[in-house]
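Everything on this sheet refers to the single structure shown next.
The values are calculated or read from the model by the stated rules, or taken from the named source; none is laboratory data. What you are looking at is a predicted structure, and each value in this text was computed from that prediction instead of being measured. Counting neighbours? That spans all protein chains shown, and the Cβs are built from the backbone with ideal geometry, glycine included. Each accessible area value is taken on the protein alone, full model and side chains, heavy atoms only, with ligands, DNA and RNA left out. Shrake-Rupley method; radii C 1.70, N 1.55, O 1.52, S 1.80 Å.
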Amino acid sequence: MLEDLLEFCGYNTAFDLLNDHMTQAELSDLLQDLINSPEDAADFVKEEAERIAKDIFEWVDRDALMAQADDMAYAKYRDGD
């Protein structure tokens, strides 16, 4: 998933993407979060990479859209519409 996002944006590593598109203050805040919650580090990096990809590269998470469409179709079926 993250690899696909990076490829879409033209990057090989999450570090390069984050380093190119975050300010020093944002990078410092991210580092603080990573150090304070190392068990959540992968999620923090993924969230920031997704935010940048959406804001700058107009990336769309197609898997999330498909899951949402499936949920809506099931709700419609369940409700008898």
Restricting attention to segment 36-60, which residues are in contact (Cβ under 8 Å) with a residue 24 or more places away in the chain and either polar (S, T, N, Q) or farther than 17 Å from MET1 by Cβ (or both)?
ILE56
Tally the residues that are at negative phi and within 14 Å of the chain's Cα centre (by Cα), restricting the search to segment 41-81.
24
Could you please find all residues in segment 1-35 being touching a residue at least 24 places away in the same chain (Cβ under 8 Å) and open to solvent by less than 40 Å² (accessible area, probe 1.4 Å)?
LEU5, LEU6, CYS9, ALA14, LEU17, LEU18, MET22
Just to verify a result, which residue in segment 40-72, among those that are out of contact with any Leu (no Cβ under 7 Å at 6 or more places or on another chain) and of a type in the set (Lys, Arg), is farthest from PHE15 (Cα to Cα)?
ARG62
Take the residues of segment 37-81 that are among the hydroxyl-bearing types (Ser, Thr, Tyr) and surrounded by 10 or more Cβ atoms within 10 Å (Cβ to Cβ): which is modelled with the lowest pLDDT?
TYR74
